[in-house]
Amino acid sequence: MSGDRAQTVLDFVVGMSVFLVAVGFTFAFVPSLLEPYAVGEGATVIVAERGAARLAESSLAEPSLAGAGSTATLSHACTLAFFDGTDAEAASDESDCAWTANADDLHAELGVADRRGLNLTVTQRGSVASLDADGTVVAMRAGPEPPRSESVSAASRIVTINDPGDRESPETYRLTLRVW
């Protein structure tokens, strides 16, 4: 009778080894396959890119150039009114601005849910830029600072601001939208 059960211990060790390797492989690699769908990081990148493109190419763009593709030339009056907190109707009466909500309600302007954090900053040479008109200086920054504990996606556009007083040498700025 003992001749009918050849190598039982060896068969058991090989079978358990194959089973444990398969279980280890599953626990090691399946979570990393599902991670991009669970975290949702791709959505913040898309929101940041779309928002930066909308601001630079239509909302704050020079009215004569809006809709003409990637113009990257912002209207001085519209940008000043946007960051100054001017009402949309008053800004439209003055200079045909394309935005519907100012920097105080950035979520409404970009069509983003309030549960997402937004920060819009226009910088020049590494510091926050400002515009002035009639003695009023307005810093071009909107929204809270991004938290250090969360993953933040950012999209930037290089823009110029069409200053009616200085048409010869337009200065370049970096418009950056951060989303978390």
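Read the figures in this text as sums done on the coordinates, not as results from a lab. Just so it is clear, the structure is predicted and the values come from calculations on it, not from any experiment. Cβ sites come from the backbone with ideal geometry, for glycine too, and all protein chains shown count toward neighbours.
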Percent of Cα-Cα pairs more than 15 Å apart in the stretch 107-178, please.
63 percent
Taking other Cβ within 10 Å of each residue's Cβ, how do L74, L33 sort, fewest first?
L33, L74
